[in-house]
Amino acid sequence: MNFWKRKINADAGAIKQIPPMELKKLAMSWTRQMWLGELWQQNTWLGFPILQWPTDLLVLQEIVVNQKPRVIIETGSYQGGSAIFFASLLKLTGGGKVVSIDWPGLSPEALNKVKNHELGSMIEFITGDSTAPETVSKVRKMLGSEDNVMIVLDSDHSYSHVKKELEIYHQFVSPGGYLVVGDTICAELGKLDGYAKWIDDNPLRAVREFLLDNDLFICDNSREKFLVTFFPEGFLRRVK
Ligand SMILES: C[S@@+](CC[C@H](N)C(=O)[O-])C[C@H]1O[C@@H](n2cnc3c(N)ncnc32)[C@H](O)[C@@H]1O
């Protein structure tokens, strides 16, 4: 037996298997700690700040590679990092475009940086409230009837805003495709000192109500395989 095999066996002997429910609690506790530690604010993709957690980025990448959407619409651009992330995946999976919506929009510096990047030409920014009729009409004009569309909602995380976004944007998702709702973790974070307002006012509540009223979508829990995610119950898949 080689050195590494022996070492792995020895370590494995010392580790007790944790029962699934305990493991879930442990993962949630770690997620809360990581969120409080603000490590999620220190990540970059190709040099662009991106407000996402690594396990979620890996899973989003898997969805894009499996589904091959040709258009990804995201609400919440921040500094353009997630738009660059999606554009980089589209580029390597056959092309397409990212439509990124933000209010009040990117700073001139951030916009310049994205536009000067080689992936910048794959991204169309819309400045406006993601739920405003003018914004939605701009989105509609950018889509072709045959486009395979994926949606990621990551703007204002209040219950009422996400509820409106779900009502508006679910119609654009192609059958079999994904509608991902960001920061559903806020419901859990509401239990932390100082965040009580999130107990009721969170995206997860909007997701649960949406699924009760809508049989086109299911929650795809398989996408939470790492247990550590900022999108619990937030990976929705269109089934018809
Ligand atoms: C969590 S950040 C987005 C993070 C980004 N997706 C990333 O991964 O780096 C939320 C963004 O939503 C934008 N925003 C807030 N309210 C909005 C609204 N009503 N409509 C559109 N964008 C909004 C903010 O300006 C902010 O840039």
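Every number here is computed from the coordinates shown, using simple stated rules; none is lab data. Note that the structure is a prediction, hence the values are computed from the model and not measured. Backbone-built Cβ (ideal geometry, glycine too); neighbour counts: all protein chains shown.
Under the convention that each Lys and Arg Cβ holds +1 and each Asp and Glu Cβ holds -1, the size of the dipole of the chain around its Cα centre is about 900 debye.
Other residues within the sphere of radius under 13 Å centred on the Cβ of Asp156, judged by their own Cβ, net out at -4 (K and R +1, D and E -1). Can you work out the base-10 log of I(q)/I(0) for the stretch 117-234 at q = 0.10, 0.15, 0.16 1/Å, using the Debye formula on its C-alpha atoms alone? Per q value, in the given order, log10 I(q)/I(0) is -0.34, -0.75, -0.84. Other residues whose C-beta falls under 12 angstrom from the C-beta of Lys97 contribute a net charge of -1, scoring Lys and Arg +1 and Asp and Glu -1.
Using alpha carbons only, how many degrees (0 to 90, rounded to 10) separate the axis of helix 203-213 from the longest principal axis of the chain? It works out to around 70 degrees. Counting neighbouring beta carbons within 10 Å and listing from fewest to most, the residues Phe86, Phe48 come out as Phe48, Phe86. What the Cα atoms of the stretch 67-149 give is an Rg and a Dmax of 12.2, 35 Å.
Listed by chain and number, the lysines whose alpha-carbon sits under 19 Å from that of Lys138, ignoring those within fewer than 8 places in the same chain, are Lys97, Lys164. For Lys24, a cut-off of 22 angstrom between C-alpha atoms picks up these lysines, skipping any fewer than 8 places away in its own chain: Lys16, Lys191, Lys225. Neighbour counts of other Cβ atoms within 10 Å put Thr31, Thr184 in the fewest-to-most order Thr31, Thr184. By the rule of a C-alpha distance below 12 Å, with chain neighbours fewer than 8 residues away ignored, the aspartates and glutamates paired with Lys68 are Asp147. Per-residue packing, averaged as other Cβ atoms within 10 Å, sorts the ranges 213-226, 118-131 into the order 118-131, 213-226, beginning with the highest. For the chain, the mean residue ellipticity at 222 nm estimated from helices alone is -12500 deg cm²/dmol, where every DSSP H run of n ≥ 4 contributes -39500 (n - 2.57) and the total is divided by all residues, rounded to the nearest 500. Put simply, the stretch 18-238 fits an ellipsoid with semi-axes of 26, 20, 18 Å; these come from the alpha carbon gyration tensor as the roots of five times its eigenvalues, largest first. With both residues required to sit in the chain, DSSP beta bridges show an antiparallel share near 30%. Of Leu212, Leu36, the sequence from fewest to most neighbouring Cβ atoms within 10 angstrom is Leu212, Leu36.
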